[in-house]
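The values are calculated or read from the model by the stated rules, or taken from the named source; none is laboratory data. Just so it is clear, the structure is predicted and the values come from calculations on it, not from any experiment. Reconstructed Cβ throughout: ideal geometry from the backbone, glycine too, with neighbour counts over all protein chains shown.
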Amino acid sequence: MTYKRTRFISVILITINLLAWLPQQDKKLQESMVRGKELYGELCITCHLADGKGTPGTIPPLAGSSYFAKKITNAIYPQKFGLNEPIVVNGVKYTAPMPPPGISDEEIADITTYITNSWGNKGKLITVKEVQKVAINK
């Protein structure tokens with residue numbers, strides 16, 4: 001077998017393996033989104049509203065949030081430990097504290113997956129491992 005043919009076959013096999021993996025990732029993302037949406041409806045919707053826009057000047061928006069775009073820890077940390085310090089989201093300063101909701105790392109991963117993939121946000125599947133890496137002193 002020639003080098004070109006071997007390389008071609010290798011590329012085809014890698015592509016097939018990648019294509020087989022993608023639907024599984026999409027399925028995990030969708031399942032997490034469903035769980036996250038339900039949890040959001042129970043825990044977050046009162047303050048951040050159904051459209052994720054929050055209350056200007058009081059409760060920060062989750063939709064189109066520049067704060068999340070900087071780093072995913074900004075979405076995870078408040079759910080895990082609460083938030084008592086001022087933050088700036090989309091150029092607006094927010095000072096209202098957010099108490100930690102007292103939920104599991106899996107629930108935080110699902111809610112974070114939901115909010116970072118909703119309302120025009122472009123995110124990915126957030127894993128429990130990513131949530132566990134977030135420490136109290138981010």
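With respect to the numbered conditions (1) surrounded by fewer than 12 Cβ atoms within 10 Å (Cβ to Cβ); (2) at positive phi, which one is the sole condition not fulfilled by GLU85? Exception for GLU85: condition (2).
Inside segment 60-74, can you point out the residues that are of a type in the set (S, T, N, Q) and either at pLDDT below 90 or part of a helix (DSSP H, G or I) (or both)?
Initial filter on segment 60-74 (of a type in the set (S, T, N, Q)): 65-66, 73-74.
Scanning segment 60-74 gives SER66, THR73, ASN74.
Taking GLY91 as the residue in question, decide whether it is closer than 20 Å to GLN132 by Cβ and of a type outside the set (Lys, Arg).
Working: closer than 20 Å to GLN132 by Cβ: no; of a type outside the set (Lys, Arg): yes.
No, not satisfied.
So which residues in segment 88-133 are assigned to a helix (DSSP H, G or I) and among the small types (Gly, Ala, Ser)? Write out each step before concluding.
Residues of segment 88-133 assigned to a helix (DSSP H, G or I): 105-115, 128-133.
Once the filter is applied, which keeps residues that are assigned to a helix (DSSP H, G or I) and among the small types (Gly, Ala, Ser), segment 88-133 yields only ALA109.
Among the residues of segment 97-113, just one is over 18 Å from CYS47 (Cα atoms) and of a type in the set (A, V, I, L, M, F, W, C), namely ALA109. Of everything in segment 92-110 that is crowded, with 17+ Cβ neighbours inside 10 Å, over 14 Å from LEU29 (Cβ atoms) and touching a Leu at 6+ places or on another chain (Cβ under 8 Å), the residue that is modelled with the highest pLDDT is GLU107.
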